[in-house]
Amino acid sequence: MDSWVEILAATCRVEVFECGMAPSGEPLTPGWPLVVDGAEVAGLLEALAIAQPGDGYCMCLGETTFRLMDADGRVLARAALHHGTSLRWDGWDSDAMLLDGALLVRWLDAHGISGPAAEADASRARRSADERDQRRWVDACPQGAVPLLDELLLISRTGSQPAGLADRLEQALCTEFPDRKQRCAALLRWYASGSGRRSGHPMHEKVPDDLLRTSSIDEIIEVAASSDDVDVLLGAARHLSGWKARTPKELATVPSALATRLIELSSSHGRTDVAVGLESLFRR
């Protein structure tokens, strides 16, 4: 059969395995499947309808495997559910988006397969957290950079920075903050916002860090040491803990009192990765 629609129309029995699908089409974990036949089949097949094939493959092997069979028990297709939103079947050149992923997740949950529902809940929680982080980052953006926000946020979606954007951003900040120390403080405050991860991710959050790396270590130290602004200090901690943000020689010039303050502040604000990173770097 050439189409998914034809396969669904011919399916009379579905075996559902609570695990992903190997490249061979077999379930990753041997075990007894949930067998769906008779009057139950129609509801599952409705939930397995797709909207359209996508344009790529998920990197994982899925979380639920379906074995679709005809009235004679012949296997028509094997498919895997990915993140409650798409299906993988070897008849497509890519994964395909479900017409109603939530419908399939609810059907599975109602039939004792709760993994996709739990993952969907976790995914929603992650999205909500990401949205909160982004709002904080946008709110912390210096006024001079606000006209560039759409382009800056796009960096995380495209994975690259448009040519000339960094120069335009730097010029906007130089206009808003002619004084280098004030500009440095604004960048530290901005870099403290968002996720606060030591890695600097998501990518758009690295933008202020990239500009901070053009400042001297002496300037970073002076601005942080003279500030009582928690965000300036958290930004300094995040910057100094970053991957190769500063050389060991530069880090050795950070006063021990400031280093201790940055570590303690990061820890008290739940930024354990930054605190641990700083402890490791300052011990060298």
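Have a look at H204, H239, H111 and tell me which one the Gaussian network model of the chain (Cα, springs below 10 Å) gives the largest fluctuation.
H111
Starting from the exponent 0.38 and prefactor 2.2 Å, build the expected Rg for the range 146-230 from its residue count and divide its actual Cα Rg by it. It would help to have the intermediate numbers written out before the result.
Values: Rg = 13.0 Å, N = 85, 2.2 N^0.38 = 11.9 Å.
The value comes to 1.09.
If I model a spin label as a point 7 Å beyond the Cα along the Cα-Cβ vector, how far apart are those points for A42 and S3 in nm?
2.2 nm
Cα centroids of the range 115-170 and the range 207-284: how far apart, whole angstrom?
A separation of 23 Å, based on Cα centres.
For the range 4-113, restrict the atom set to alpha-carbon positions and state the Rg and Dmax in Å.
My reading of the Cα-based Rg and Dmax gives 12.5, 35 Å.
Ranked from highest to lowest mean number of other Cβ atoms within 10 Å per residue, what is the order of the peptides 91-102, 74-85, 248-259?
Result, highest mean first: 74-85, 91-102, 248-259.
Relative to the present Cα-Cα distance, how much length would full extension add between R213 and A166 at 0.36 nm per residue of separation?
Taking 0.36 nm per residue and subtracting the Cα distance, the gain is 15.6 nm.
Given points 7 Å out from each Cα along the Cα-Cβ axis, report the A257 to A71 separation in nanometres with one decimal.
Distance between label points: 8.7 nm.
Let me check the size of the range 130-283 from its C-alpha atoms; what are the radius of gyration and Dmax in Å?
14.6, 41
Mind putting a number on the dipole of the range 47-110 about its Cα centre? Charges go on the C-beta only, +1 for Lys and Arg and -1 for Asp and Glu, and I need it in Debye to the nearest 20.
140 debye
Evaluate the distance, in nm, between pseudo-label points positioned 7 Å from the Cα of E131 and of S226 along their respective Cα→Cβ axes.
Reported label-point gap for E131 and S226 is 4.2 nm.
For Rg and Dmax of the Cα atoms in Å, which listed value, (1) 22.9, 68; (2) 25.8, 79; (3) 23.7, 73, comes from the coordinates shown?
So the structure-derived entry is (2).
After finding the eigenvalues of the alpha carbon gyration tensor for the range 134-179, what semi-axes result from the square roots of 5 times each, listed largest first in whole Å?
19, 14, 6
Please find the FRET efficiency linking V35 to E176, where r is the Cβ-Cβ separation and R0 is fixed at 51 Å, and quote it to the nearest 0.05.
0.20
Only four residue types carry charge here, +1 at the Cβ of Lys and Arg and -1 at the Cβ of Asp and Glu. Report the dipole size of the range 201-244 about the Cα centre in Debye, rounded to the nearest 20.
For the range 201-244, the charge dipole is close to 300 debye.
Readers should treat all values here as calculations from the given coordinates under stated rules, not as data from a laboratory. Everything quoted here is computed from the prediction, not taken from an experiment. A quick note on method: Cβ atoms are made from the backbone with ideal geometry, for glycine too, and the neighbour counts reach across all protein chains shown.
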